Amino acid sequence: MANDVQDITEDQDKTQPPMSALRYETPFELYSEMPQVKQMTQHRPRDDEENLEYLNRLAGSTTPEEAVTFAAFAAVPAMAIWWAYECLRIASDDMTAADRELMEHVANWCSYSDNENRYRVMSRSLYAPVRSPAVFLGLAVGWSGGPIAPNDSAAIPAHRAPRAINSAVLSCLARAELQQRPVRLARFIDQASALFRPF
């Protein structure tokens, strides 16, 4: 019996707290630490507002696109990029062959997020002839962290990746037929809500 209790106690000690996909615990903290998000949204979080609560409030506002912007900034880059990748896959019928190939590289980086894969995606995105949603997403991968280039150790500003993610998802939305945009936006926000729940 004593051994059983000891085993249970040891198992409890190994239990890890839920992980979070978010940069900060509250939207108020995000807006305080990353002021660039204020330039891109009209609404402001309340001091005591939870992340998911704020996302839902934005989704129900007169400017629901701000929920996309909030999600792009609130999530850590790797999680936000995966969410944006899933959003862009919804509209994959509109993609060129070059964009589809770039999306494959983004997916590869999501699975193997080393600098070599990041530089590969960044290079293809920087020299793309058109700034499509996929190209914006590729730029987000390039700006997701680490040195900006193999021969340049300069730090990448934290707001660069979320801005590119925001541009990727909103430009994807803008390409939809007018009557389809609310439906597509609702799907994007619904997918984003998973980022705001512990896992």
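Can you tally the net charge around R184? Count Lys and Arg as +1, Asp and Glu as -1, for every other residue whose Cβ sits under 10 Å from the Cβ of R184.
Residues close to R184 contribute a combined charge of +2.
Calculate, in nm to one decimal, what R46 and Y24 gain on full extension: separation in residues at 0.36 nm each, minus their alpha carbon distance.
Values: separation 22, 0.36 × 22 = 7.92 nm, distance 1.46 nm.
That pair, R46 and Y24, stretches by 6.5 nm at full extension.
At 7 Å along the Cα-to-beta-carbon direction for both V130 and E177, put a label point, then send me their distance in nm to one decimal.
2.0 nm
Before rounding to the nearest 500, sum -39500 (n - 2.57) across all DSSP H runs of length at least 4 in the chain and divide by the residue total; then give [θ] at 222 nm in deg cm²/dmol.
Numbers: 10 runs with 118 residues, N = 199.
Value at 222 nm, helices only, nearest 500: -18500 deg cm²/dmol.
Between R46, R100, R118, find the one with the highest GNM mean-square fluctuation for the chain; connect C-alpha pairs within less than 10 Å.
Comparing R46, R100, R118 in a Gaussian network model of the chain, the most mobile one is R46.
What is the sum of charges, Lys and Arg at +1 and Asp and Glu at -1, for the other residues whose Cβ falls under 10 Å from the Cβ of T41?
0
Under 5 Å between amide hydrogens, which residues at least 5 positions from A75 or on another chain qualify, with H placed 1.01 Å from N in the peptide plane?
R23
Where is the GNM fluctuation largest for the chain (alpha-carbon springs, 10 angstrom cutoff): L30, L126, L22?
Per the Cα network of the chain with a 10 Å cutoff, L126 tops the list.
Which far-off residues, 5 or more places away or on another chain, put their amide H under 5 Å from the one on A149, with H placed in the peptide plane?
A154
Before anything else, pin down the relative contact order of the chain: Cα pairs under 8 Å, at least 6 apart, normalised by residue count, whole percent.
On the way: 241 pairs, mean separation 49.2, N = 199.
It comes to 25 percent, rounded to a whole number.
Work out from phi, with θ = phi - 60° and the Karplus expression 6.51 cos²θ - 1.76 cosθ + 1.60, the ³J(HN,Hα) of each residue of region 56-62, listed in order in whole Hz, and give x for Gly and Pro.
After applying 6.51 cos²θ - 1.76 cosθ + 1.60, I find 5, 5, 5, 4, x, 8, 6 Hz.
Using label points projected 7 Å from each Cα along Cα→Cβ, tell me how many nm separate T96 and A154, to one decimal.
2.8 nm
Values quoted throughout were computed directly from the atomic coordinates according to the rules given, and no laboratory measurement underlies them. Given the structure is predicted, the values throughout are model-derived calculations rather than measurements. We place every Cβ from the backbone using ideal geometry, glycine too, and count neighbours over all the protein chains shown.
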